[in-house]
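Below is one structure, written out as structure tokens, with a few remarks after it.
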Amino acid sequence: MKTPKNYIVRMTGTGGVEHLETVCVPDEAPAPGTVRIRQAAIGVNFIDIYHRTGLYPLSLPAVLGVEGAGVIDAIGEGVTGFVDGDRVTYAGAPVGAYAASRILPGIRLIKLPDSIEFRTAAASMLKGLTAHMLLTRTYPVQAGTRLLIHGAAGGLGSILVRWAKHLGAEIIGTAGSEAKAKIARGYGADHVIVGRDVDLVSEVGELTDGVGVDYTIDGIGGQMLLKSLASTRRFGTVASIGQAAGPIPPLPVEAIGPVRSLTLARPSVMGYIADEPTYLQACEALLDMLSQGISAETGHEYPLTDAAQAQSDLESGCTTGSVLLIP
């Protein structure tokens, strides 16, 4: 009997997307404690780009990707609570989602209700768990919270805006174009500041009577972080969660205090969900949100073999919503 084949996208070096290659490898049988799933959809995230560029190093060669959804088709010894054919989803370590089929520890898999589509789960898991971390742990968002969300039309922005709105927050979003601003308003943003070179601090000041927002979520990085700090009220909080615009420059302590008395957080969703009880609790809350229609928006889909193009488009900022790979 011939061994079934599996297609993976493998990274052979750090740098540009030219280091990504699609190869055919023998299918693996699950070891004890693990499960094999046939993937229906795979999420593409900025962390994949950070892995590719070497910002977050991996041992090479490596298969990228940290979230997906599919169907169990083989179960290793010692795994309980699952049967062949179960619909499942996952997010976080171990890295390796850019594959038509993959092996995962049984403890990382979450059963997916029939009411939630594979694409919705793959688009929402990592971003939804990030939203849970940011809106409940980093800063407890509640009714009346004034919240500034950068990239409000993006994949993370789509679920952050919806979830925060569900909690009763007043949301100021940023977007790079009027077209993206329209999308962000559709997600529920109360105000959208448009343009990459806009005077963010002045715009936020006008919207908040000069006070600033209670909480800012900044996945842009670069020089934007200083603007985010200046847009946040005294004793407010800024969460720095990414650097899509480039590395974050050295930050003087004076930028957060004592005059402004800010709290600056640098939370990591991979660290957050590495703790198993936290992962399970956050997944339960996320599935509840997904069942209510509060999810990340699926923006662009690519065949698995076009992973390089998917990353290029995400990196260039020309996508909206979540980016998916379909095996």
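The values are calculated or read from the model by the stated rules, or taken from the named source; none is laboratory data. These numbers come from a predicted model, not from an experiment. All Cβ positions, glycine included, derive from the backbone under ideal geometry; neighbour counts span all protein chains shown. What goes into the accessible areas is simple: the full protein's heavy atoms, side chains included, and nothing from ligands, DNA or RNA. Shrake-Rupley method; radii C 1.70, N 1.55, O 1.52, S 1.80 Å.
Gain on full extension, evaluated as 0.36 nm per residue between Arg38 and Ala93 minus their Cα-Cα distance, stands at 18.0 nm. Considering only alpha-carbon pairs that sit under 8 angstrom and 6 or more positions apart, the relative contact order computed for the stretch 14-96 is 34 percent.
For the stretch 118-261, averaging the sequence separation of C-alpha pairs within contact (under 8 Å, six or more residues apart) and dividing by the residue count gives a relative contact order of 19 percent. For the stretch 190-327, the orientation-averaged shadow of the C-alpha convex hull comes to 10.9 nm² (one quarter of the hull surface). Taking amide H as placed 1.01 Å from N in the peptide plane, the amide H of Leu262 sits under 5 Å from that of Phe235, Gly257, each at least 5 places away or on another chain. Extension gain for Ser115 to Asp27 (0.36 nm times residue separation, less C-alpha to C-alpha distance): 28.7 nm.
When Cys283, Cys318 are compared by accessible surface with a 1.4 Å probe, the order from highest to lowest is Cys318, Cys283. FRET efficiency for Asp197 and Arg234, Cβ-Cβ distance as r, R0 = 35 Å, nearest 0.05? Between Asp197 and Arg234 the formula returns 0.85. Protection proxy ranking for 246-253, 169-176, 156-163, 219-226, using the average of other Cβ atoms within 10 Å per residue and placing the highest first: 156-163, 169-176, 219-226, 246-253. Mean residue ellipticity, 222 nm, helices only, the chain: the sum of -39500 (n - 2.57) across DSSP H runs of n ≥ 4, divided by residue count and rounded to 500, is -8000 deg cm²/dmol.
Computed on the stretch 75-164, with alpha-carbon pairs under 8 angstrom and 6+ residues apart, the relative contact order is 25 percent. Residues whose amide H falls under 5 Å from that of Thr298, counting only those 5 or more places apart or on a different chain, are Ser322, with hydrogens built in the peptide plane. In sequence order, the stretch 238-249 has phi-based couplings of 10, 9, 9, 10, x, 8, 4, 8, x, x, 7, x Hz under the Karplus curve 6.51 cos²θ - 1.76 cosθ + 1.60, θ = phi - 60°, and Gly or Pro positions carry x. Compute for the chain: radius of gyration divided by Kirkwood radius, i.e. Rg/Rh, restricted to C-alpha atoms, rounded to two decimals. Rounded to two decimals, Rg/Rh equals 0.99. Surface composition of the chain: carbon and sulfur atoms hold 54% of the protein heavy-atom accessible area at a 1.4 Å probe. For the chain, the antiparallel share of DSSP beta bridges with both residues in that region comes to about 55%. On a C-alpha basis, how far is the centre of the stretch 27-92 from the centre of the stretch 155-171 in Å? Whole number, if you could? Answer, in whole Å: 28. Protein heavy-atom accessible surface, 1.4 Å probe, per residue over the stretch 39-137: 34 Å².
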